[in-house]
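S.K.: The structure under discussion is supplied below as structure tokens; questions concerning it will follow.
The values are calculated or read from the model by the stated rules, or taken from the named source; none is laboratory data. From a predicted model like this one, the values you see are computed outputs, not experimental measurements. Positions of Cβ are backbone-derived with ideal geometry, glycine not excepted, and every protein chain shown enters the neighbour counts. Heavy atoms of the whole protein, side chains included, go into the accessibility calculation; ligands, DNA and RNA do not. Shrake-Rupley method; radii C 1.70, N 1.55, O 1.52, S 1.80 Å.
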Amino acid sequence: MATNNAMYEFNQRLKGKTPEQEAVIRYFTGMKKGCFGKLMTDSEYDKLVADYLTKNGNFKQKAISKIGLDESEISLIQPVCIQGYYFDAKRAYSRYGDDSKWRSSAYQVSWLFFSETQVYLYQYTFNFDENGKKESSEEYFYKDVVNFSTTEESIEKEVWITPKAGCLNRNPLPTLQRKEINTVRLSIIVPGDKMYCAANVEDDSFETSIKGMKNLLREKKNNG
């Protein structure tokens, strides 16, 4: 049975939420609304995310506006978009789906642009369980970039797990358990620091984009 503290936190997080946000929280926690309530499926959650990205598909223009340069000045090579579920957010929910895939209630979109002398990074991180969002931008001279690399790391998170129903417990309550989530991210490595971009490794263009960025960096280093 879920602990009193966990149940209190759950009820607190439902306060002031929209119906869609409540459905997302229930999806990630496995907490049905009443005995006969239904939870969102993995595919329904994926559709919710996809619909949001389609409706708000102007991240590239937001990025260009934030950088403050003309697109022709930052298109030395094709701009790169990297996106995926974001597991680093402390308050974000995580769930291991029935299709054996991890999902998060936070999602991150990153755009990278390349001028003759610099790399520009724009990130937009948002949540589906609340109205939280974070917008940021960075710029790096090629001479200061040590490497672009794919980083695989494990992140430990508290995850709601629903036990299988048994004969004597047809509606078992979810419990909080600590789980390790394997993530793949793009790392931009500079002296003394790293910048990460959440990545969907099922996107075939991901590794191709990384190779193009590495080749450009190598060229700039050799000609610098």
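S.K.: Got the relative contact order for the chain handy, in percent, Cα pairs under 8 Å and 6 or more residues apart?
M.R.: It rounds to 19 percent for the chain.
S.K.: Continuing with this model, one more query. What trypsin sites (Lys or Arg not before Pro) in region 14-86 are in a loop by DSSP, with at most 12 other Cβ atoms within 10 Å of the Cβ?
M.R.: Within region 14-86, the qualifying trypsin sites (Lys or Arg not before Pro) (loop, at most 12 other Cβ atoms within 10 Å) are 15, 33, 38.
S.K.: Around residue 131, under 14 Å between beta carbons, what's the net of Lys plus Arg minus Asp minus Glu among the other residues?
M.R.: Values: positive: 13, 15, 17, 91, 133, 134; negative: 20, 22, 129, 130, 135.
Surrounding charge for residue 131 is +1.
S.K.: Moving on to the next point. Compute the distribution of all C-alpha to C-alpha distances in region 1-147, in bins of 5 Å from 0, and list the percent of pairs in each, rounded to whole numbers.
M.R.: Binned Cα distances yield the sequence 2, 8, 16, 18, 16, 12, 9, 8, 6, 4, 2, 1, 0.
S.K.: Another question, then. Only four residue types carry charge here, +1 at the Cβ of Lys and Arg and -1 at the Cβ of Asp and Glu. Report the dipole size of the chain about the Cα centre in Debye, rounded to the nearest 20. Walk me through the intermediate numbers first.
M.R.: On the way: 32 positive and 31 negative charges, 175 e Å.
About 840 debye.
S.K.: What are the radius of gyration and Dmax of region 84-167, computed over its Cα atoms and given in Å?
M.R.: Calculated on Cα positions, Rg and Dmax stand at 17.4, 67 Å.
S.K.: Still on this model: Within the accessible area of the chain, what % is carbon and sulfur when the probe is 1.4 Å and the other protein chains stay in place?
M.R.: 48
S.K.: Given the alpha-carbon gyration tensor of region 5-81, what are the semi-axes of its equivalent ellipsoid in whole angstrom, ordered largest first, with each equal to the square root of 5 times an eigenvalue? Please report the intermediate quantities before stating the final value.
M.R.: Working: eigenvalues 305, 43, 19 Å².
Working through the eigenvalues yields semi-axes of 39, 15, 10 Å.
S.K.: Let me ask you something else. Please compute the per residue accessible area over region 53-142 with all protein chains in place, 1.4 Å probe, rounded to a whole number of Å².
M.R.: Value returned for region 53-142: 50 Å² of accessible area per residue.
S.K.: Additional query: Which loop GluC sites (Glu not before Pro) in region 93-148, with loop taken from DSSP, have no more than 15 other Cβ atoms within 10 angstrom of their Cβ? Don't skip to the end; give the middle numbers.
M.R.: Working: sites: 116, 130, 135, 138, 139; in loops: 116, 130.
Qualifying residues, ordered by number: 116.
S.K.: Can you pull the one-decimal nm distance between simple spin-label points at residue 39 and residue 53, each 7 Å off the Cα toward Cβ?
M.R.: Reported label-point gap for residue 39 and residue 53 is 2.3 nm.
S.K.: Go through 62/134; 157/194; 55/157; 55/214 and tell me which ones have a Cα-Cα distance over 23 Å in this structure. Mind dumping the intermediate values first?
M.R.: Numbers: 62/134 13 Å; 157/194 21 Å; 55/157 30 Å; 55/214 32 Å.
Cα-Cα > 23 Å for 55/157; 55/214; rest within.
S.K.: Still on this structure, I have one more. Which one, 142, 176, 187, is farthest towards the positive end of the dipole of the chain when Lys and Arg carry +1 and Asp and Glu -1 on their Cβ?
M.R.: Of the listed residues, the answer is 176.
S.K.: Let me ask something else. Taking the Cα atoms of region 88-224, what is the range of coordinates along each of the three principal axes, in descending order and whole Å?
M.R.: If we take the Cα atoms of region 88-224, the spans are 71, 28, 26 Å.
S.K.: Also: According to a simple spin-label model (label point 7 Å from Cα along Cα-to-Cβ), what is the distance in nm between residue 77 and residue 147?
M.R.: Result: 1.6 nm between the two label points.
S.K.: Using a simple charge model, +1 on the beta-carbon of Lys and Arg, -1 on the beta-carbon of Asp and Glu, nothing else, what dipole does region 93-145 show about its Cα centre, in debye to the nearest 20? Don't jump to the answer; show the numbers that get you there.
M.R.: On the way: 6 positive and 9 negative charges, 32 e Å.
In total the dipole reaches around 160 debye.
S.K.: Report, in deg cm²/dmol and to the nearest 500, the calculated mean residue ellipticity at 222 nm for the chain, where each DSSP H run with n ≥ 4 adds -39500 (n - 2.57) and the sum is divided by the residue count.
M.R.: -9000 deg cm²/dmol
S.K.: Next question, about the same structure. With springs only between Cα atoms under 10 Å apart, run a GNM on the chain and tell me which of 212, 34, 57 wobbles the most.
M.R.: With Cα springs under 10 Å in the chain, the top fluctuation among 212, 34, 57 is at 34.
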